[in-house]
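The structure appears right after this line, and notes come after that.
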Amino acid sequence: MQAFRAAAHAQDFAAFAQIDVEFHKLIMRFSRNRLLADMHDTFGRVRLESSRLPVGRDKLWGPVMEHERVVEALTMGGPEGAGYYMRRHVSRTADRAGITMTEFV
């Protein structure tokens, strides 16, 4: 999270995108859901490229805060809370990219 915050602060878009992909990869690994982890690995390059889509500098802090909520929930031993915050994060990420999704929270 420190590296993600630093990349956002420095507006280092390449590092920001790479750290974002690594965060999601780690979450998939922690889920112990092999299908999700394999899917994430399969589409990792696409995810990395999509993370590099143009984004306003003002929109870098949203993902940082969203990731922090997920980590806080996991740290507190709350997988349901982490799932809730991850769904919100995915929905908001889609919204930032101009993709309309129904938020299932």
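The values are calculated or read from the model by the stated rules, or taken from the named source; none is laboratory data. No experiment lies behind these values; they were computed from the predicted model shown. Note that we place each Cβ from the backbone using ideal geometry, even for glycine, and neighbour counts take in every protein chain shown. SASA here: full protein model, heavy atoms, side chains in, ligands and nucleic acids out. Shrake-Rupley method; radii C 1.70, N 1.55, O 1.52, S 1.80 Å.
3J(HN,Hα) couplings calculated from phi for the stretch 79-92 with the Karplus curve 6.51 cos²θ - 1.76 cosθ + 1.60 (θ = phi - 60°) are, in sequence order, x, 5, x, 5, x, 4, 5, 5, 4, 4, 4, 4, 4, 5 Hz; Gly and Pro show x.
Computed from phi, the 3J(HN,Hα) profile of the stretch 20-27 under the Karplus parametrisation 6.51, -1.76, 1.60 (θ = phi - 60°) reads 4, 4, 5, 4, 5, 5, 5, 4 Hz, with x in place of Gly and Pro. Residue separation of MET39 and ALA15 scaled by 0.36 nm, minus their Cα-Cα distance, works out to 6.4 nm of gained length. For the stretch 94-99, putting each phi into the Karplus relation 6.51 cos²θ - 1.76 cosθ + 1.60 with θ = phi - 60° gives couplings of 4, 4, 5, 8, x, 9 Hz, in residue order, rounded to whole numbers and with x for Gly and Pro.
Given a 1.4 Å probe and the protein chains as shown, ARG29 ends up with an accessible area of around 140 Å². Between MET1 and MET65, the modelled label-to-label distance comes to 1.4 nm, taking each label 7 Å out from Cα in the direction of the beta carbon.
For GLU72, the solvent-accessible surface computed with a 1.4 Å probe is close to 90 Å², ligands and nucleic acids excluded.
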